[in-house]
1. State, as an integer percentage, the relative contact order of the stretch 4-159 based on alpha-carbon contacts under 8 Å between residues 6 or more apart.
2. At most 13 other Cβ atoms within 10 Å and a DSSP loop assignment: could you name the chymotrypsin sites (Phe, Trp or Tyr not before Pro) in the stretch 56-160 that fit?
3. Could you list which residues have their amide H under 5 Å from that of Ser117, counting only those 5 or more apart in sequence or on another chain, with H placed in the peptide plane?
4. If I stretch the segment between Met12 and Phe128 completely, what's the gain in nm (0.36 nm per residue apart, minus their alpha carbon distance), one decimal?
5. Does the stretch 1-121 come out rounded, prolate or oblate by the C-alpha gyration tensor, with a ≥ b ≥ c the root eigenvalues, rounded set by a/c under 1.5 and, if not, prolate when a/b is larger than b/c and oblate if not?
6. Using a 7 Å offset from the Cα along the Cα-to-Cβ direction at both Leu145 and Ser68, what is the distance between the two label points in nm, to one decimal?
7. Please list, in order, the residues from the stretch 1-23 whose amide nitrogen is less than 13 Å from a point placed 7 Å along the Cα→Cβ vector of Ala178.
Amino acid sequence: MLSRPVRWLDLMLQIATIAMIVALAIVVLLGVAFRYTGASLIWYDEVAAALLAWITFTGAALAVTRNSHMGFNGLMLSLPAPGHVVLFALVEVIFLLICAITVWGGWAILEIFGNESMTTLRFVPRWFLQSVLPISFGLMFLARLMTLPERYVAVRDRVDPEAEEIAHEIARAEAELAAAQHHARKEAAQ
């Protein structure tokens, strides 16, 4: 069970990502409609590309929050004790180090843009668009630290989250099937 702060971070990232997906859909539909009429929007491509980048990186932060990125749990959990815990710790240190370097580098790069703005929308500063890297990697760093205790306990106890998820989904599907069969028998009896 995720802690309350992790659930709040998850919810915040869901809302932000879904809002940007909706905005991207609107921008694309507007772009197509205006292009069809012969009056193409000059800002369409740049805004769509920026939204896609933000969706990608906030989605990645959401996946980190949910521990949903691809992993090698089978390999790690098959190692003898304490090898699996050592590998877990090594992977965590490398992940957090990469996130920290990307946050630092991302903020350093923002200074390069100075007073530049988008090519087509002069009122949107370029640093705002490029801040996706330090912000999203900062959120990934935070999410990884916040979920570390639960993930450590799972690794220590050799619990495979993928196997648990599969078992949960099978149980849910069986319950739905049983409910549907019960409903069908009830209707047949009437």
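1. Once divided by the residue count of the stretch 4-159, the mean separation gives 29 percent.
2. Phe72, Phe123
3. The answer is Arg126.
4. Roughly 39.8 nm would be gained on extension.
5. The shape class here is prolate.
6. 2.4
7. Answer for the stretch 1-23: none.
Where a number appears in this text, it was derived from the coordinates with a stated rule and is not lab data. Keep in mind the model is a prediction, meaning the values are calculated, not measured. Note: ideal-geometry Cβ built from the backbone for every residue, glycine included; neighbour counts use all protein chains shown.
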